[in-house]
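Accompanying notes for the structure given below.
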Amino acid sequence: NYFSKKIKLIDNNWGRIKGGKESYRKNKKTFDLGRKIGLKKLIELNQKNTFNINKIHLDKDLAYFIGLWIGDGFTNKYKTHYIIQFIGHKNELTYYKEIICRYVEKTFTIKPIIKESLIGNFIRVNIYSKDLFYFLTENIGLPKGRKSHSVLIPEKIIIAEREILLSCIAGIYDAEGCVFFDKRKSYLKPYPRLDLHMLNLGILTQIKKIFDEEGIKSSWANISNDNARLLIYGKENIKYFLTKIPLKNPKHLNKLKKQD
């Protein structure tokens, strides 16, 4: 009882935080100057990374980019600079470089900046552009800031050609989908399952409706007010899904090859 009243839980990185605060206290002028220089560079990037919005047309590649953003993206304005960000696992570094960064450079003439986390196993793909920020939020209709519980497939994509809509769903699955193999003894072979789990019942409802229209067999699981799973069971159903939904992320494609 004596010791339990004197114990408190601390974060794993408490020493790094404490050291950082102490370093800042001792070197405040240097840190503040560094922040000013960093902010200036971000502002310059925002001003430099411009493009002609009128030349950008909604196609399959843009729809896929938007779908991936819906799953793993974030966008916001911080005073004088604007950011579009994707967060992925470190083992997806090549995928982000070859698929996402190459697309951004080709389409918007903007070079994303990739930052690898020193602590966790994730990467951040940062795109600094005022023009792209407003293109995505005002022209396409994506939300600013936190969006995981409320974002929907934009109306412009819903009413677009079918292959554009299905490419957007592919981006969502490449960001948020999971491939599992049930290895219980009741199955002669590992039984594949494609799982889309999101804290957003609205967008899962949109996707379920589209699947029904396309003849893709899917099932609900664990439905609550803001949380559900959309599941596709079995080798044949997943094969048909892949004929409609053009996945690009190797983390899924390599796993799905095992079912052949």
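Read-outs: derived from the displayed coordinates by stated rules, not from any lab. Not measured: the values here are computed from a predicted model. Positions of Cβ are generated from backbone atoms using ideal geometry, with glycine treated the same way; all protein chains shown enter the neighbour counts.
Computed values, structure above
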{"item": "Within the stretch 219-260: backbone nitrogen closer than 12 Å to the GLU98 label point (7 Å, Cα to C-beta)", "result": "248-251, 254"}
{"item": "Qualifying chymotrypsin sites (Phe, Trp or Tyr not before Pro) in the stretch 175-260, DSSP loop, other Cβ atoms within 10 Å at most 14", "result": "TYR187"}
{"item": "Amide H contacts under 5 Å for ALA228, placed H, 5+ residues apart", "result": "MET198, ASN200"}
{"item": "Exposed-loop-free span, longest in the chain, where trypsin sites (Lys or Arg not before Pro) count as exposed if DSSP calls them loop and at most 11 other C-beta atoms lie within 10 Å", "result": "186-260"}
{"item": "Violating pairs (Cα-Cα greater than 27 angstrom) within the set LYS111/LYS255; LYS60/LYS209; LYS90/LYS144", "result": "LYS111/LYS255"}
{"item": "Computed lengthening from SER117 to THR205, 0.36 nm per intervening residue step minus Cα-Cα distance", "result": "28.3 nm"}
{"item": "HN-Hα J in Hz across the stretch 114-128 - Karplus 6.51, -1.76, 1.60, θ = phi - 60°, x for Gly and Pro", "result": "9, 10, 8, 5, 7, 10, x, 9, 9, 10, 10, 9, 9, 10, 9"}
{"item": "Residue-by-residue Karplus 3J(HN,Hα) for the stretch 244-253, coefficients 6.51, -1.76, 1.60, Hz, glycine and proline x", "result": "9, 10, x, 5, 10, 6, x, 4, 8, 4"}
{"item": "Fully extended contour minus Cα-Cα distance, from ASP59 to GLU214, at 0.36 nm per residue", "result": "53.8 nm"}
{"item": "HIS149-LYS21 FRET efficiency (beta carbon distance; Förster radius 30 Å; 0.05 resolution)", "result": "0.35"}
{"item": "Simple spin-label estimate for SER4 and GLU138 in nanometres, 7 Å along Cα-Cβ", "result": "5.9"}
{"item": "Rg(Cα)/(2.2 N^0.38 Å) for the stretch 67-149, N = residue count", "result": "1.06"}
{"item": "Unit Cα scatterers, Debye sum, the chain: log10 I(q)/I(0) for q = 0.13, 0.14, 0.16, 0.17 Å⁻¹", "result": "-0.93, -1.03, -1.23, -1.34"}
{"item": "In nm, spacing of pseudo-spin labels at ILE158 and TYR233 (7 Å Cα→C-beta vector)", "result": "3.0"}
